[in-house]
Every structure is written in C-alpha cells, then in structure tokens.
Amino acid sequence: MYRFLLSRQWVFLTLLGLVLIPTMIELGFWQYHRHERRVEQNELIARNLEAKPVPVTELTSPGHKVPRADYWRHVTATGVFDTEGEVVVRRRTNADDRVGVHVLTPLVLGDGRVLMVNRGWIEAAPSQRAYPVVPPAPQGTVTITGRLKADETTKGSGIKDLAGLPPRQVMLINSAQQSALLGRTVLGGYAELITPAPGDGGTELIPEPDHDSIGAHMAYAVQWWLFVAGVPVGWVILVRREVRDRRAAAAATPVETAPAEPSPA
C-alpha cells in the first residue's frame with residue numbers, strides 16, 4: 001500500500017521536506033540572534049545615556065576610532081564655534097521623516113584642536129546646489145554637552161570624494177575629511193548636540209536613539225520553528241490522505257471473476 005512513496009513525485013516531496021527543515025531551523029536562529037543583538041544594543045544605549053558626562057578628550061583623540069562601547073556616551077567640551085568652517089550634511093531626515101540637512105559646526109577647543117558638533121536638522125535649500133539658511137551658532141566661549149558618535153565611513157569619505165558637491169556640503173560626518181577641509185587637528189568621531197538647546201527658529205536637535213522597542217525578531221524566530229514542526233506533520237497528513245484515497249479507489253473497483261466452466265452433461 002505504501003509503495004507509492006517510491007514514486008518520483010513522493011521522493012521529490014520527501015526530499016523537499018528534508019531540505020526545508022534545516023533551512024527553517026537556521027532561519028529561526030538567524031532571527032533569534034538578531035533579537036539578541038537588538039536587546040544588547042538597547043542595553044548599551046540605555047547604559048551609555050545614563051552614564052555621567054565626561055570631557056570629550058577622555059574618550060577620543062585625533063585619528064581615534066570611537067569603539068561601539070562608547071557610542072552615545074555623554075561628553076562635554078568647551079570652546080568657540082567656527083562658523084566659517086561649518087558645513088551641512090545632505091540627505092538627512094528628522095523625526096517626521098522629512099528630508100533636509102544636518103548642520104555640522106567645528107568647535108575649537110582651548111588647545112586648538114577641533115570637535116565636530118552636529119547641531120541638528122534644518123530644511124534643505126530649495127535648490128540642491130544652494131547652501132541653506134543656517135541658524136547661527138552660539139557666540140563666544142561655550143560649554144556643550146553631546147552624545148559621542150563614531151565617524152561615518154564609506155569609500156566616499158575621503159577629501160577627493162567631495163568633488164562634484166556644492167561648496168560646504170558633504171555626504172558623511174567624518175573627522176579625517178573635516179580635518180583636511182579645515183586644515184586643523186580634529187578629534188575622532190563627532191558629538192550630537194544636547195545642550196545648549198537652540199532657541200526658536202534654531203535647529204531640530206537629534207533625538208535620542210530608540211532603546212525601548214525590540215522589534216519582532218523573536219516572533220519571527222518562533223514562527224520559523226513552528227514551520228519546522230509543520231513540515232513532518234503535513235507530510236504525514238498527505239501520506240494518510242493518499243493511502244485513504246487509494247483504498248477508496250481499490251474498494252470501488254469491481255473484482256473481475258473468471259467465467260464458470262460448463263458442467264458435464
């Protein structure tokens with residue numbers, strides 16, 4: 001009755017199930033590991049946002065690559081904003097998903113070194129080639145508090161890759177690129193401004209990173225593993241249905257009998 005399992009159709013179906021099971025197990029673990037990374041990320045953000053602010057020079061220096069463990073640490077710095085060296089970072093969105101620019105202003109510290117400060121979001125100019133109207137930075141010596149971030153780096157983060165962009169516009173926030181533009185020594189990474197807060201008509205400060213939501217990765221992992229359990233169950237159901245149909249077909253087929261031999265006279 002079960003010899004049909006050796007047919008081409010059923011061999012293919014069985015092999016497909018055997019391939020799907022480990023594949024879906026792996027997909028489940030992939031989503032589970034994404035969930036773990038998200039939880040770890042949220043814990044890191046919360047821990048660093050709650051940490052006491054420290055002078056920026058304790059966490060970074062010229063050419064320093066800010067490690068992930070220091071992302072979003074609150075740092076302080078005292079200096080004078082250099083608005084002549086100010087640039088805008090193109091194609092940035094605000095909390096309402098409106099596309100504009102970030103205002104990146106050098107803060108010249110007392111020792112002459114520079115910390116790049118992201119002062120927040122503003123609307124872009126009507127023309128992509130034009131420089132937008134930028135709210136003025138605080139004048140004189142100021143002490144700022146910000147969240148430390150690492151340089152944004154891609155193949156397009158070098159000074160030569162600014163070719164074709166309008167003056168005072170960049171695509172990435174990169175300390176090495178800014179050092180070349182300014183001709184000054186720039187600390188690695190940059191700070192997202194928290195205080196002093198801009199007044200009316202100023203920039204929109206960058207909001208804190210989300211560290212509450214964990215996404216649906218765990219639900220997706222459980223879903224994949226449920227699919228794994230469903231493969232053998234579905235295979236058994238199909239086999240039993242095939243057996244039932246074959247038995248019904250066999251019962252409905254009339255049995256042919258041999259004709260009776262004539263009796264002797």
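The values are calculated or read from the model by the stated rules, or taken from the named source; none is laboratory data. From a predicted model like this one, the values you see are computed outputs, not experimental measurements. Positions of Cβ are generated from backbone atoms using ideal geometry, with glycine treated the same way; all protein chains shown enter the neighbour counts. We work out accessible area using only protein heavy atoms, side chains counted, and drop any ligands, DNA or RNA first. Shrake-Rupley method; radii C 1.70, N 1.55, O 1.52, S 1.80 Å.
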Dipole moment magnitude, nearest 20 debye, the chain about Cα centre, only Lys, Arg, Asp, Glu C-beta charged: 720
Cα pair distances of region 29-73 binned at 5 Å [whole percent]: 5, 19, 22, 19, 14, 10, 6, 4, 0
Radius of gyration, Dmax [region 163-253; alpha carbons; angstrom]: 31.7, 94
q = 0.13, 0.21, 0.22 Å⁻¹, region 8-115: log10 I(q)/I(0) [Debye, one scatterer per Cα]: -0.77, -1.21, -1.23
Acute angle (nearest 10 degrees) that the helix 217-252 long axis makes with the longest principal axis of the chain, alpha-carbon atoms: 10
Residue-normalised accessible area of region 62-168, given per residue in Å² at a 1.4 Å probe: 52
Region 43-101 - percent relative contact order, Cα under 8 Å, separation 6 or more: 29
Cα gyration tensor shape of region 118-198, rounded if a/c is under 1.5, else prolate or oblate by comparing a/b with b/c: oblate
Stretchable slack from residue 47 to residue 25, in nm (0.36 nm times residue separation minus alpha-carbon distance): 4.6 nm
Residue with peak Gaussian network fluctuation, the chain [Cα springs, cutoff 10 Å], from 87, 243, 75: 243
Contour excess over end-to-end distance, with Cα ends at residue 131 and residue 3 and 0.36 nm allotted per residue: 38.4 nm
Proximal charge balance of residue 216 [Cβ under 12 Å; K/R count +1, D/E count -1]: +2
Helix-only [θ]222 nm of the chain, DSSP H runs n ≥ 4, -39500 (n - 2.57) each, per residue, nearest 500: -12000 deg cm²/dmol
Value of D in µm² per second that Stokes-Einstein yields for the chain, Kirkwood Rh from Cα pairs, at 25 °C (0.890 mPa s): 104
Degrees separating the helix 8-50 axis from the principal Cα axis of the chain, which is the longest one: 20
Of all accessible heavy-atom area on the chain, the percent that carbon and sulfur account for (1.4 Å): 58
Efficiency of FRET between residue 142 and residue 176 - r from beta-carbon atoms, R0 25 angstrom, step 0.05: 0.50
Listed residues 252, 69, 176, most fluctuating in the chain (Gaussian network, C-alpha, under 10 Å): 252
Percent RCO, i.e. relative contact order, over the chain, from Cα pairs under 8 Å lying at least 6 residues apart: 24
Inter-label distance, nm, simple model (7 Å from Cα along the C-beta direction), residue 168/residue 228: 5.8
Rel. contact order, % - alpha carbon contacts under 8 angstrom, at least six apart, region 131-219: 34
